[in-house]
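The values are calculated or read from the model by the stated rules, or taken from the named source; none is laboratory data. Here the structure is a predicted model, which is why all the values come from computation and not from measurement. As a convention, Cβ positions derive from the backbone with ideal geometry for all residues, glycine included, and neighbour counts pool all protein chains shown.
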Amino acid sequence: MIGAILVVAFLVLGGGNPYTVTANFQDASQLVKGNLVEVGGVQAGTIKDISLGPQNTALVQMEISGDYAPLPEGTVAEIRNQSLSSIAGHYVQLTYPQGDQSNGKTIPNGGNLPISNTVSGVDIDQLFNTLDKPTIKHFKDVVTGFARAYDGIGPQTNRGFHYFNPFLSTSRQVFSELTLDENRFQHLIVDSASLSKALAQRSPDLEQFVSNADRMFGAIASQNTALASAIGQLPGFMRNFNTTAVNLRATLDDLDPLVSASIPVARKLPPFTQALRGFATDSVPTIRRLSAVVRRPGANNDLVDLTRLQPRIARIAVGPVRRNGKRRIGAFPESVHALSRSLPQLAFFRPYITQEGLSGWFDDFGHSGLYDANGGIGRISTTFNFFTVVGGVPNIFGTPLTPSQAEADGFRTNNLQRCPGSNERNPGDGSTPFTDNGSLSCNPSEVPTGP
């Protein structure tokens with residue numbers, strides 16, 4: 001019974017040699033006995049002893065608790081500082097190798113971590129000692145500026161820092177990923193330095209860009225209500241656009257034959273586009289003049305002003321309008337009505353507007369006589385009226401003839417329905433007078449007297 005109790009006490013309170021590992025650091029970084037050893041932020045052991053190594057390095061003996069012992073090969077030990085308020089507030093952070101890099105091998109009890117697997121801490125004083133006096137002065141000005149910036153807004157700042165913690169945690173993960181590949185990270189820093197140098201050389205342009213960006217965002221901020229409305233309508237627009245894009249996919253498939261057929265034409269277009277470029281260049285003065293026609297300073301002197309007058313002109317043209325105390329139809333309906341009523345008159349006069357009609361009458365003022373195969377000829381006609389002949393004798397000063405007396409002397413009266421071309425003698429083919437196949441309202445028998 002007593003033996004069983006001793007075995008249980010040995011298992012509970014611990015027994016045998018504890019698991020220890022000695023890490024070889026470049027320097028102890030103010031570690032002291034009793035400092036913690038952590039794995040992933042959880043205590044995994046303590047510092048048991050610190051001694052000087054043969055190469056003036058620091059040998060730090062760590063006692064690891066049973067839950068974390070033994071350590072896998074490839075474990076990295078890093079000295080970190082818990083806070084600036086404690087001089088000896090340091091601890092050792094153990095980082096296990098990624099994946100299965102240890103191949104299942106462990107560090108034996110009393111084993112060592114080589115200096116290649118350790119990282120000594122860097123105190124803030126060492127960082128400041130690398131800075132020259134002007135840089136330190138500027139850094140002090142920055143600290144003073146931060147103090148002035150946060151003066152009077154401490155509660156708000158603390159609230160912001162409360163939400164700043166997740167950002168710091170994710171930033172730590174980001175920088176951990178960056179330091180995994182030191183070669184690429186070094187190239188990133190060098191390229192960033194080259195970029196900063198290039199930006200410094202273009203500082204005036206960068207200053208102008210920042211100023212313009214400030215004005216742009218200021219203009220956007222002044223339209224926050226409209227912007228909020230647009231953002232609210234954006235989901236519906238995107239849903240409709242999604243449907244449109246799906247339908248457009250089939251349309252593009254249908255356009256493939258058109259594109260294929262356009263390839264030969266596209267090869268022939270360069271000469272045309274070169275000529276079009278010259279045309280566009282030559283069109284610049286014309287377009288500038290047209291711009292003056294479209295809009296120019298002053299009132300009622302350009303095309304824009306004319307366009308503004310169109311509604312009033314449209315009301316007068318289309319109607320109805322009230323003018324002179326009466327309701328009247330517009331100018332266009334009145335014109336249509338007048339043209340419709342004038343169609344019979346136009347249809348009657350149309351056959352007479354020929355070479356032998358109205359246009360021939362005007363042409364007679366340009367020359368006299370006609371031309372045929374034998375040369376120039378002339379046509380002479382005599383005109384008689386009721387005062388000309390009485391009984392075959394001239395009667396210039398006598399009384400006018402009556403219609404019956406005129407017909408007795410061989411004259412014809414009341415020739416008021418002559419057809420076009422009735423003044424011409426019939427050449428025998430029935431082309432004169434012109435009756436348009438009998439559709440004209442005229443009398444073909446009203447022709448001049450004689451052969």
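Side notes on the structure shown:
- Once the range 310-326 is narrowed to residues that are of a type in the set (Gly, Ala, Ser) and without any contact (Cβ under 8 Å) to a residue 12 or more places away in the chain, the residue that is nearest to His337 (Cα to Cα) is Ala314.
- Selection count where residues are loosely packed, with under 10 Cβ neighbours inside 10 Å and at pLDDT 75 or above, scope the range 414-429: 4
- Complete set of residues in the range 197-212 that are over 25 Å from the mean Cα position of the chain (by Cα) and in a helix (DSSP H, G or I): Lys197, Ala198, Leu199, Ala200, Gln201, Ser203, Pro204, Glu207
- Consider the range 21-41 and keep the residues that are under 19 Å from Pro97 (Cα atoms) and polar (S, T, N, Q). The one that is surrounded by the most Cβ atoms within 10 Å (Cβ to Cβ) is Asn24.
- Considered as a group, the residues in the range 117-151 that are touching a strand residue (DSSP E or B) at 6+ places or on another chain (Cβ under 9 Å) and of a type in the set (S, T, N, Q) include one that is nearest to Ser29 (Cα to Cα), and that residue is Ser120.
- In the range 421-451, the residue that is farthest from the chain's Cα centre (by Cα) out of those that are among the small types (Gly, Ala, Ser) and within 17 Å of Phe349 (Cβ to Cβ) is Ser422.
- Flag if Ala338 is surrounded by 10 or more Cβ atoms within 10 Å (Cβ to Cβ) and small (Gly, Ala, Ser): no
- Counting the residues of the range 263-303 that are in a helix (DSSP H, G or I), exposed (fewer than 11 other Cβ atoms within 10 Å of the Cβ) and polar (S, T, N, Q) gives 4.
- Out of Ala292, Ala245, Ala314, sole residue that is modelled with pLDDT under 85 and under 36 Å from the mean Cα position of the chain (by Cα): Ala292
- Taken as a whole, the condition of being farther than 30 Å from Gln98 by Cα, out of contact with any His (no Cβ under 8 Å at 6 or more places or on another chain) and not in a helix (DSSP H, G or I) does not apply to Gly160.
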